[in-house]
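Derivation of every value follows stated rules applied to the coordinates shown; laboratory data play no part. Computed from a predicted model, the values in this text were never measured in an experiment. FYI the Cβ positions are ideal-geometry reconstructions off the backbone, even for glycines, and counts take in every protein chain you see.
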Amino acid sequence: MGRKPKSEDPVYTRIEEHRMRAGLSRQELADAVGVHYQTVGYLERGEYAPSLALALRIAQLVGVPVEQLFSLTPFAGADTPEEESA
């Protein structure tokens, strides 16, 4: 049984893309923002919605505005979970 988002609204994310561009592993990102590395995985898969403070720390670390990392609607050109499993 996986973790579910804390709210009814799914949170779409591009953390993995920007983390990799920044040359960071999940562990390095986790250490830098003060969470467990598994939390980064949950966030990247959209299984967990971050607090505002955590979202801002991640955005600052990878050097992009928070709205480039998180959205309540799918990002243009991004695969949705349904498309990835097809």
Of L29, L52, which residue is hydrophobic (A, V, I, L, M, F, W, C), more than 18 Å from F75 (Cα to Cα) and out of contact with any helix residue (DSSP H, G or I) (no Cβ under 8 Å at 6 or more places or on another chain)?
L52
Restricting to the stretch 19-42, what's the tally of residues that are within 13 Å of the chain's Cα centre (by Cα), surrounded by 14 or more Cβ atoms within 10 Å (Cβ to Cβ) and among the aliphatic types (A, V, I, L, M)?
5
Residues of the stretch 43-77 being surrounded by fewer than 19 Cβ atoms within 10 Å (Cβ to Cβ), assigned to a helix (DSSP H, G or I) and under 8 Å from the mean Cα position of the chain (by Cα), in sequence order, are E44
